[in-house]
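Data block below; observations after.
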Amino acid sequence: MTPSLQRYHSLSIVLHWSIALALLFMFASGLYMVNADISKADQYRVFQIHKASGVVILWALILRIGTRVFTQAPALPDSLNPQQVFKAKLGHIFLYVALVTMPLSGWLMVSASPFGLPTFVFVDWIKWPHIPGVARNKTLQVLANNVHWITAAILATSIVGHVGAFLWHKKKHNINLISRMWWNKK
Amino acid sequence: MKTPVNSSFLNRTFSMGMLMSFFIALYLSLATTVVQAELKSSHQSGSVAFSGQHAGMNFEGKFERWEATLTLPPQSNPSIIATFYMSSAKTGDSIYDSTLPEFDWFDVENHALGKFVSTKIEMTEEGYQVLGDLTIKNITQPVNFMLIDSQDQLSTSFGINRLDYKIGWESDPDAEWVSKTIFISMVINK
Ligand code: HEM
């Protein structure tokens, strides 16, 4: 028998932590550009950076989910009861859905916007297209905008729950789940 | 007896030559006046630029393709006709350059050309006072500007209200982002 898998695939680990870092930036830039009292020029610039970074996160998420599907994930510790395993799995699926909804709703909002400003992914030769058929659709733009910020709030709460679950298991059961998402020597 | 005849013949050939060169000179000078009467210009010999503000930042662009024909006073029937290719408007900023051709801005698919046709040109001390019709997106509005005549250049700069031409009409009707006034400047090398 092969020894049971201790951690996620390296690519999953790299993506998990880079996306986590990128999310911090997305929350910060998103809230800043919408709410901060800054000049139009700065607001415009942060918008473009937020859009471009969000598109990169979308690619990273696709890669992340692909890696998750095509590689084997380590089994959850035996010490977890079936109900906890179920909740963990459900929680993770929920996180994935919320994660993907963020860039997709952002993309929809930008595609439906009356401004029709394109999204260049940091360089002039990578022009991310708009979703076809929704141009200047005010209703969809407003809808996508609402989905974007409501999901942002839900995602932020879920991430707190995600980190909370890790801390709870660590304190309560003394299991270090983080070793599943890092390269541990053992 | 022969000599005087010869000399008078020589004299006559000489004066004929004078007369011919006079006509050639006259013809040449007329020809140059004709060339000067109608001045042709294009992106190859001049520039048509536009500028304004977006998000409080200045932007500037130019038409990379245009043609103009000018007949200026004191020529009779003075006129200025200029045609510019809307899709050739370039600012060098990739976001602007991919937005400008769109439906709400220049709508180049449906309106490939912009046009200026003068209605009145008067000579002034500095150059010419020009009145005319500017057509963009099939909307014609009167404009007037001073065409300044310097030694080897004709130049002008004047503002238009982009909303008069329904430019950015849906995207930014309140000029929240893009200034209402867009300056057009033109330099023609004589
Ligand atoms: C994981 C990816 C993303 C996260 C976590 C994120 C997060 C946020 C947050 C927190 C806000 C502020 C919401 C508010 O206060 O109204 C925001 C706003 C915005 N985001 Fe994103 N975003 C992401 C991806 C994207 C993408 C891919 C795009 C577009 C291509 C985008 C476009 C926008 C726009 C245009 C706004 C401003 C909305 C407004 O005007 O009210 N976002 N984002």
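Since every read-out is calculated from the coordinates, none of them should be taken as a lab result. None of the values given here were measured: they were computed from a predicted structure. Here the Cβ is made from the backbone with ideal geometry for all residues, glycine too, and neighbour counts use every protein chain on show.
Among B:E176, B:E38, the order by Cβ neighbours within 10 angstrom, fewest to most, reads B:E176, B:E38.
The alpha-carbon positions of region B:37-189 define a convex hull whose volume is 107 Å³ per residue.
For the residue pairs B:K90/B:K115; B:K166/B:K190; B:K62/B:K166; B:K40/B:K120, the alpha carbons lie more than 23 Å apart in B:K166/B:K190.
Each Cα pair under 8 Å and six or more residues apart adds its sequence gap; the mean of these over the residue count of chain A is a relative contact order of 26 percent. Dipole check for region A:10-181: with +1 at the C-beta of Lys and Arg, -1 at the C-beta of Asp and Glu, and the Cα centre as origin, the magnitude is about 260 Debye. Electrostatic tally near A:L76: other residues with Cβ closer than 10 Å to its Cβ, Lys and Arg +1, Asp and Glu -1, net +1. By the count of other C-beta atoms within 10 Å, a proxy for reagent exposure, A:F122, B:F84 are ordered fewest to most as A:F122, B:F84. Model label points for A:R45 and B:F158, set 7 angstrom from Cα along the Cα-to-Cβ axis, are 3.6 nm apart. Each principal axis of the Cα cloud of the protein assembly as shown was evaluated for its coordinate range; sorted largest first, these ranges are 142, 48, 32 Å.
Along the charge dipole of the protein assembly as shown, which of A:V56, A:N145, B:Q153 sits closest to the positive end, that is, farthest toward it, with unit charges on the beta carbon of Lys, Arg, Asp and Glu (+1, +1, -1, -1)? Positive-most Cα among the choices belongs to A:V56.
The lysine pair tally for region A:10-181, using Cα distances under 22 Å and a gap of 8 or more places or different chains, is 10. What the Cα atoms of region A:10-181 give is an Rg and a Dmax of 18.2, 55 Å. Of the trypsin sites (Lys or Arg not before Pro) found in region B:88-157, not one falls in a DSSP loop while having at most 12 other beta-carbon atoms within 10 Å.
The simple spin-label model puts a point 7 Å past each Cα toward its Cβ; for A:V123 and B:T140 those points are separated by 4.8 nm. Note on B:D133 and A:D37: with the Förster distance fixed at 56 Å, the Cβ-Cβ geometry gives a FRET efficiency of about 0.80. Considering only A:P118, A:Y8, A:S105, and ranking their Cα positions along the charge dipole of the protein assembly as shown that arises from unit charges at the beta-carbon of Lys, Arg, Asp and Glu, the one farthest toward the positive end is A:Y8. The label point for A:Q6 and the one for A:L21, both projected 7 Å from the Cα toward the Cβ, are 2.4 nm apart. Taking other C-beta atoms within 10 angstrom as a stand-in for reagent exposure, B:D93, B:D133 fall in the order B:D133, B:D93, fewest first.
Close amide H partners of B:T124, meaning residues 5 or more places away or on another chain with modelled amide H under 5 Å apart, are B:Q129. Only one residue of B:S79, B:S45, A:W128 has its Cα farthest out toward the positive end of the dipole of the protein assembly as shown, where Lys and Arg carry +1 and Asp and Glu -1 on Cβ, and that residue is A:W128. Computed about the Cα centre, the dipole magnitude for the protein assembly as shown is approximately 2180 debye when only Lys and Arg (+1) and Asp and Glu (-1) carry charge, each at its Cβ.
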